[in-house]
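Taking it in order: structure first as structure tokens, then the write-up.
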Amino acid sequence: MKRLALLAATTALVAGCGQEKDEGISGGGNVIGRTVTVYSLTNDPGGVSRSFVDGEKLALSDAGGKAGDFAVNFNSLDLGTDEEAQAETSRRAINDPQIIATIADATRVTVPLFNAAGILQVAPSGDPGLIDNPDELPSGKSTVGQLEGTVPGDFAARYEQAFNRAPDQNAENGYRAMAATLAAIKTAGAAGNDRTRVIDSYL
């Protein structure tokens, strides 16, 4: 099926160990080239968070694997539940020079790490009190956006066609999170590879 082929082409599920050093944390900056990467950090993406991740995949497929003039890659990592695992996974994403944004719940681990790195964090859930807490924002600027947007009217039918099961609320949230992230990159125009401009576009 053409749609599933596109899903496979635009998705990379990554596993393994993260790096312990913060050499990739540089406080914003530009992604070099015309391809950027959106990271999804969820607990057990192949299990309990599968519907959410599939919703993200469908949104990216609907966008043709692009946001404006930029090609968009998608990497899904297991965030884990304990703080050590969350820190390791977050740093792994940050250390990718192609990262433009992440979709990850707001926790006292993820928020300060992505904030220090100057990377947009779209937080579908988590602790909303962390989003504007100056003690959790080492850069001094907000980098966390809450879930926005809606799903298209035919979302349920197309999700079921693509994944052979009906969508739940998590699937809808995954679609909304990815669609809103792609919209921010597109809104930034020619600066869609500029992490700071993408943050400004979302917020």
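Looking at segment 63-76 only, could you name the residues that are over 10 Å from the mean Cα position of the chain (by Cα) and either touching a residue at least 60 places away in the same chain (Cβ under 8 Å) or farther than 19 Å from Phe155 by Cβ (or both)?
Of everything in segment 63-76, those that are over 10 Å from the mean Cα position of the chain (by Cα) and either touching a residue at least 60 places away in the same chain (Cβ under 8 Å) or farther than 19 Å from Phe155 by Cβ (or both) turn out to be Ala63, Lys66, Ala67, Gly68, Asp69, Phe70, Ala71, Val72, Asn73.
In this structure, does Asp96 turn out to be under 19 Å from Val36 (Cα atoms), part of a loop (DSSP other than H, G, I, E, B) and either out of contact with any Leu (no Cβ under 6 Å at 6 or more places or on another chain) or not basic (Lys, Arg) (or both)?
On the way: under 19 Å from Val36 (Cα atoms): yes; part of a loop (DSSP other than H, G, I, E, B): yes; either out of contact with any Leu (no Cβ under 6 Å at 6 or more places or on another chain) or not basic (Lys, Arg) (or both): yes.
It is true that Asp96 is under 19 Å from Val36 (Cα atoms), part of a loop (DSSP other than H, G, I, E, B) and either out of contact with any Leu (no Cβ under 6 Å at 6 or more places or on another chain) or not basic (Lys, Arg) (or both).
What is the one condition in (1) without any contact (Cβ under 8 Å) to a residue 40 or more places away in the chain; (2) not in a helix (DSSP H, G or I) that Ser139 does not satisfy?
(1)
More than 26 Å from Asp82 (Cβ to Cβ) and either of a type in the set (A, V, I, L, M, F, W, C) or touching a strand residue (DSSP E or B) at 6+ places or on another chain (Cβ under 7 Å) (or both), is that true of Val151?
Working: more than 26 Å from Asp82 (Cβ to Cβ): yes; either of a type in the set (A, V, I, L, M, F, W, C) or touching a strand residue (DSSP E or B) at 6+ places or on another chain (Cβ under 7 Å) (or both): yes.
Considered against the rule, which asks whether it is more than 26 Å from Asp82 (Cβ to Cβ) and either of a type in the set (A, V, I, L, M, F, W, C) or touching a strand residue (DSSP E or B) at 6+ places or on another chain (Cβ under 7 Å) (or both), Val151 comes out as yes.
So Glu136 passes all but one of these: (1) crowded, with 17+ Cβ neighbours inside 10 Å; (2) modelled with pLDDT under 95; (3) out of contact with any helix residue (DSSP H, G or I) (no Cβ under 9 Å at 6 or more places or on another chain). Which condition number does it fail?
Answer for Glu136: the failing condition is (3).
If I ask for residues that are in contact with a Ser or Thr (Cβ under 7 Å, 6 or more places away or on another chain), over 15 Å from Phe70 (Cα atoms) and not aromatic (Phe, Trp, Tyr), which ones from segment 26-60 would you list?
Those that are in contact with a Ser or Thr (Cβ under 7 Å, 6 or more places away or on another chain), over 15 Å from Phe70 (Cα atoms) and not aromatic (Phe, Trp, Tyr): Gly27, Gly28, Ser40, Leu41, Thr42, Asn43, Pro45, Ser49, Val53, Glu56, Lys57.
Please specify each residue of segment 147-203 satisfying the condition of being buried (at least 18 other Cβ atoms within 10 Å of the Cβ), among the acidic types (Asp, Glu) and within 15 Å of the chain's Cα centre (by Cα).
Correct list: Glu172 only.
Scan Gly47, Gly24 and give me the residue that is at pLDDT below 95, out of contact with any helix residue (DSSP H, G or I) (no Cβ under 9 Å at 6 or more places or on another chain) and surrounded by fewer than 22 Cβ atoms within 10 Å (Cβ to Cβ).
Answer to the check: Gly47.
Please state which one of Arg108, Arg91 is surrounded by fewer than 18 Cβ atoms within 10 Å (Cβ to Cβ) and charged (D, E, K, R).
Among Arg108, Arg91, only Arg108 is surrounded by fewer than 18 Cβ atoms within 10 Å (Cβ to Cβ) and charged (D, E, K, R).
The values are calculated or read from the model by the stated rules, or taken from the named source; none is laboratory data. All figures in this text were calculated on a predicted structure; none of them were measured in a lab. When we count neighbours, we look across all protein chains shown, and the Cβ atoms used for this are built from the backbone with ideal geometry, even at glycine.
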